[in-house]
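Below is one structure, written out as structure tokens; the observations come after it.
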Amino acid sequence: MASIDLDKMLTKIKSTQWALSDIDWDAPGADLITDEQWPKLKEFMADLMWIEHVGARAFAALAKKAPDDTLRQIYTYFHAEEQRHANAEMALMKRWGMLDGDEIPEPNINLRIVIEWLDRFADEMPLYVLGTVVPMLEIALDGALCTFLLDTVKDPVCHQAFERINDDESRHLGVGFTVMEMQGRGKTFIGATKMLAPLMDPRLILGIASYAPLLNKMRDNVIAMGLPEEKLYKAMKKFERIGGRTEDGRRNPWFQIIKYHGRFVTNRSQRAYHVPVDGLVKLTNMVPRRALPAVPSWVKELTWQPTATH
Amino acid sequence: MTESTAKKKPAPRKAATRKRATAAKKAAAKRKPARNTQPVKPVSVLIVGAGFAGLGMAIRLKQAGIDDFVILERASAVGGTWRDNQYPGAACDIPSNLYSYSFAPNPDWSRSFSGSEEILGYIHHLVAEFDLEKHIRFEKNVADLSFDEKSGVWTATTDKKETFAGRAAIMAQGPLSNCSFPAITGIDDFQGHKIHSARWDHDYDFRGKRVAVIGTGASGIQIIPELVKTAGHVKVFQRTPGWVLPRPDFATPAWNKALFRKLPASQQAMRNLLYWTHESMALAVIWNSPLTRIAERVARLHLRRQVKDRWLRRQLTPDFTIGCKRVLVSNDYYPALQKDNAKLITWPIARISEKGVRTVEGIEHQVDCIVFATGFDVSHSGTPFPVKGRGGRVLGDEWQGGAQAYKSINVSGYPNLFMTFGPNSGPGHNSALVYMESQLDYAVKGIEKILKDDLKMLDVKEGVQRRHNKAIQKRLARTNWNSGCKSWYLTEDGFNATMYPGFATQYAAQMAEFEERDYETV
Ligand SMILES: Cc1cc2nc3c(=O)[nH]c(=O)nc-3n(C[C@H](O)[C@H](O)[C@H](O)COP(=O)(O)OP(=O)(O)OC[C@H]3O[C@@H](n4cnc5c(N)ncnc54)[C@H](O)[C@@H]3O)c2cc1C
Ligand SMILES: [Fe+2]
Ligand SMILES: [Fe+2]
């Protein structure tokens, strides 16, 4: 994977779009979900679709911070594409009878906190912070969760949907790593001290405090579904490998931070990390829903319906 | 002259306008017998276009005692912009007292910002008042304009191969007179109704209909509040939000009209006040100054006051410096978006399908009708029809890298040709007609010179033009228009061939001097 030409990428993105109505959500095969799979899959899909949605919001923030018009447009498209993934995953849930009527699934508490954080602070984060965190999440999703899902679920419609989703994701990753390298490159290189300054920013500390438990919680969920832990870790190693393949990439201090964080997450013997973070997961689970403010209105744009008639 | 104009009331109503249009059409039909067979004696001035510019030119020529001119208009009625833009809510966004000719004031403007119909009424009134109808040849779509060096004559050839000749030519075909549906993938697949804002379909009944509006520029934000009142549901597709300032719109009280009528000087005083208010806006809009920040703050406050939801506010907040694109003014746009039957959609459009608009979040928004408020086909680097000058040189070729002229009005190598709204004459902060008046008077001086000295050619010197443009581009580099946003002011490569980088007063000063030594005369 060499650095890509972003202008060409934008043209390609614009010319290869898909819509929910390209898929026949009523095609046979829904009954291939086993009774044993169903409850865990329901929880997994709900998490997955929320993570897509959260990723969408992060791209919206990136679009505001983009250094040029091409990248701004790319991020604007990615924002919408992640929303499309969430919508498509909800359509699958609907197909499998996992939605309560027409309701969108409840986000778990860690997600709620991340949503809250994104809504308040994401737009204020510099490009290099979200620009590194997002590829990390994406690679975890792309490389682990989605492949795992396809290994376990036999429904052909699910495969159709994820074939398209994965096509999008590979572009997200390509752009993500290219931007990370740009951030580490000579002329645009901002300087490590300046780039690391946000670490002391309480807004970012709050962000880390909400992001770390989410990762651990996700890990718990996929393991509950039967995903071998190593698969997740292998995916995160991929982040390390691709992100660090060039001098420029390695020079980006945020790549280094996220890389080390990834190592912590994937190494259960790092008790100094996991004990407090798992503690945070437990703690957040005790937060009563009522304590959280109303969901921001961007959340209400989710829909599983391929067509909107009014 | 101005007083007598002032006493008559313009007939702004649509029925009157329509009747006039058909009458004009009939008259045009009667006049048809071809003029293309024998070579005709050239008139003094050939004018292309019967909008504000072409008609204003005619009036100023008449007032200078030049009566020997012909106006070629491709449509069957006068009015240009205001004949074509009849969408609901269409209105000027510069106060009418300034968006009208100072040599033909109208004391009866019903509102501070008059609607399209009333402005069209004013234009019809100009035609009647100055007896211009007999000069206009309707349904003459100019397809070529060529200069013959030997005779010093411009010949306009229409798409039906009729020819008209004149010693001087005025290109007043309007900067925003051509429009087309945008090149969105799948647009031809759509089975519902399509309307372009500048070619409104008055017969389409919006009641109960699901409507998509594409575009949130100057036209879009005027149409949307009106559609929301009548249509069943309105979905607004926005690519980039613009800056919106509140609009001090009010009906003119009766006493005010009476005052303007009795005391024309009071109307002139009002016009002056409006003029200087707008001039001061230049400081905010054209250059990045402390006033720019203040204008942005006013716009943000306007948004904050009218939109409570944080995400919607974010969607509506521009990410470019105010003034980089046309500043919008509206009091009812934001409230309209928040009505139960309206929705703002900021997902990029992926394509248009048989039943509606597909956006990138994967959803097909099904509608009965799509309204395209997508603006105009603006040519920065070409001409709307071939223009051939000395030695057969072609203006469109020379302009490939971006249009250039001398003082926006003449181009070297194209003698006796004057353009209204030429390169770098666009106002960002003041009435287009203020700029137009200086252009018209400059053209009159040039034409007087051609006729008085019986010149074959009055051609601006190339070096003079080059120096002028160098200075203009240097000044443009420091403006907000060139600050990085994409707008119709710029070419694909970011060259600004549209706007004038300065105050209207500066522009007027530039146009007030007609320097003979700038020109080669033959
Ligand atoms: C919706 C809208 C709102 C606007 N509001 C304002 C405002 O508030 N303030 C402001 O200052 N400006 C405003 N403008 C800008 C406006 O275009 C100018 O102010 C002015 O009306 C332009 O006049 P014109 O005569 O140059 O061009 P037009 O009015 O476009 O007239 C050109 C005429 O030439 C004819 N023509 C074109 N090509 C040919 C051809 N090849 N052969 C023969 N005839 C031809 C056309 O049919 C037309 O009648 C607005 C524009 C639009 C579209
Ligand atoms: Fe995704
Ligand atoms: Fe992604």
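Please compute the modelled spin-label separation between A:Leu283 and B:Lys339, points set 7 Å along Cα→Cβ, answer in nm with one decimal.
5.0 nm
Give me the net charge for the shell around B:Gln222: Cβ to Cβ below 15 angstrom, other residues only, Lys and Arg +1, Asp and Glu -1.
My count for the surroundings of B:Gln222 gives -3.
How many nm separate the modelled label positions at B:Ala258 and B:Asp377, each set 7 Å beyond the Cα in the direction of the Cβ?
About 5.2 nm separates the two model spin labels.
Cα-based Rg of chain B per 2.2 N^0.38 Å, rounded to two decimals?
For chain B, the normalised Cα radius of gyration is 0.98.
Around B:Thr292, what is the net charge, scoring Lys/Arg as +1 and Asp/Glu as -1 over all other residues with Cβ under 14 Å from its Cβ?
Result for the local shell: +4.
With each run of n ≥ 4 DSSP H residues scored as -39500 (n - 2.57), what mean residue ellipticity at 222 nm is computed for the protein assembly as shown after dividing by its residue count and rounding to the nearest 500 deg cm²/dmol?
Calculated mean residue ellipticity at 222 nm is -14500 deg cm²/dmol.
For A:Glu116 and A:Val275, calculate 0.36 nm times their separation in residues minus their Cα-Cα distance, and state this gained length in nm to one decimal.
54.8 nm
Counting Lys +1, Arg +1, Asp -1, Glu -1, what net charge surrounds B:Val464 among other residues with beta carbon under 15 Å of its beta carbon?
Its environment carries a net charge of -1.
Count, for each residue of B:361-371, the Cβ atoms from other chains sitting within 10 Å of its Cβ, then give me the mean as a whole number.
Whole-number average of other-chain Cβ neighbours for B:361-371 is 6.
Volume per residue, Å³, of the convex hull around the alpha-carbon atoms of the range B:456-522?
Spread over its residues, the Cα hull of the range B:456-522 gives 114 Å³ apiece.
How long is the gain from B:Arg467 to B:Ser266 if the chain were fully straight, where each residue apart is worth 0.36 nm and the alpha carbon distance is subtracted?
68.2 nm
Step through the table entries B:Lys41/B:Lys134; B:Lys160/B:Lys486; A:Lys14/B:Lys229, compare each Cα-Cα distance with 27 Å, and write down the pairs that go over it.
The answer is B:Lys160/B:Lys486; A:Lys14/B:Lys229.
DSSP loop (so not H, G, I, E, B), at most 15 other Cβ within 10 Å: list which chymotrypsin sites (Phe, Trp or Tyr not before Pro) in the range A:57-134 pass both filters.
none
Counting only DSSP beta bridges with both residues in chain B, what percent are antiparallel, rounded to the nearest 5?
Antiparallel bridges: around 45 percent, rounded to the nearest 5.
Check which residues have an amide H placed less than 5 Å from B:Ala168's amide H, if you skip close sequence neighbours.
Residues meeting the amide H criterion: B:Val45, B:Leu46.
Tabulate in residue order the Karplus-calculated ³J(HN,Hα) for the range B:361-372, using 6.51 cos²θ - 1.76 cosθ + 1.60 with θ = phi - 60°, rounded to whole Hz; enter x for Gly and Pro.
Coupling constants for the range B:361-372: 6, x, 9, 9, 8, 7, 9, 8, 8, 10, 9, 9 Hz.
So what is the orientation-averaged projected area of the protein assembly as shown, using the convex hull of its C-alpha atoms, in nm²?
39.2 nm²
Given the range A:231-310, what whole percent of its Cα pairs are spread farther than 15 Å?
When all Cα pairs of the range A:231-310 are counted, 73 percent exceed 15 Å.
Tell me, what is the percent relative contact order of chain B, built from C-alpha pairs under 8 Å that lie six or more residues apart?
Computed over chain B, the figure is 18 percent.
Restricting to the protein assembly as shown, compute how many DSSP beta bridges are antiparallel as a %, nearest 5.
Antiparallel: roughly 40 percent of the beta bridges in the protein assembly as shown.
For chain B, list the cysteines whose Cβ sits under 4.7 Å from no other cysteine Cβ?
If one checks each Cβ against the other cysteines of chain B, B:Cys92, B:Cys179, B:Cys369 turn up with nothing under 4.7 Å.
Around B:Met499, which amide H atoms from residues at least 5 apart in sequence, or from another chain, sit under 5 Å from its own amide H, with H modelled in the peptide plane?
B:Asn424, B:Gly426
Run through the range A:78-131 and list the trypsin sites (Lys or Arg not before Pro) located in a DSSP loop whose Cβ has at most 12 other Cβ atoms within 10 Å.
The qualifying sites: there are none.
Take the range B:365-522, drop everything but the C-alpha atoms, weight them equally and run the Debye formula without solvent; then report log10 I(q)/I(0) at 0.15, 0.17, 0.18 Å⁻¹ to two decimals.
Listed by q, the Debye log ratios stand at -0.83, -1.04, -1.15.
I'd like the carbon and sulfur percentage of the solvent accessible area for the range A:35-297, probe radius 1.4 Å, heavy atoms only, ligands and nucleic acids excluded.
The nonpolar share, carbon plus sulfur, comes to 59 percent.
I'd like the Karplus ³J(HN,Hα) series for the range B:146-160: coefficients 6.51, -1.76, 1.60, θ = phi - 60°, whole numbers in Hz, and an x wherever there's a Gly or Pro.
10, 9, 10, 5, 5, 8, x, 10, 8, 10, 9, 10, 8, 5, 9
Find how many whole Å separate the alpha carbon centroid of the range B:56-71 from the alpha carbon centroid of the range A:241-257.
Going from one Cα centre to the other spans 71 Å.
Is there a simple number for the mean count of other chain Cβ atoms within 10 Å of the Cβ of residues in A:301-307, and what is it?
Averaged over the peptide's residues, the number is 4.
With 25 Å as the limit, write out which pairs from B:Lys257/B:Lys325; A:Lys8/B:Lys194; B:Lys62/B:Lys449; B:Lys445/B:Lys474 have Cα-Cα distances beyond it, or answer none.
Listed pairs above 25 Å: B:Lys257/B:Lys325; A:Lys8/B:Lys194; B:Lys445/B:Lys474.
Cα centroid distance between the range B:370-397 and the range A:150-187, in Å?
For the range B:370-397 versus the range A:150-187, the Cα centre distance is 43 Å.
So how far apart, in nm, are the two label points at B:Phe250 and B:Tyr204 if each is 7 Å from Cα heading toward Cβ?
3.7 nm
Mind checking the mean number of beta-carbon atoms from other chains within 10 Å of the Cβ atoms in A:260-272?
Average per residue, whole number: 0.
Starting from the coordinates of the alpha-carbon atoms of the range A:35-297, obtain the Kirkwood hydrodynamic radius over all distinct pairs and give the value in Å to one decimal.
For the range A:35-297, the Kirkwood estimate is 18.9 Å.
Quick one: what are the phi-derived ³J(HN,Hα) couplings along the range A:59-69, Karplus 6.51/-1.76/1.60 with θ = phi - 60°, whole Hz, x for glycine and proline?
Those phi angles translate into 5, 4, 5, 4, 4, 5, 9, 4, x, 9, 5 Hz.
The values are calculated or read from the model by the stated rules, or taken from the named source; none is laboratory data. Remember, predicted model here, so these are calculated numbers, not experimental data. A quick note on method: Cβ atoms are made from the backbone with ideal geometry, for glycine too, and the neighbour counts reach across all protein chains shown. Only protein heavy atoms, including side chains, enter the accessible area calculation; ligands, DNA and RNA are left aside. Shrake-Rupley method; radii C 1.70, N 1.55, O 1.52, S 1.80 Å.
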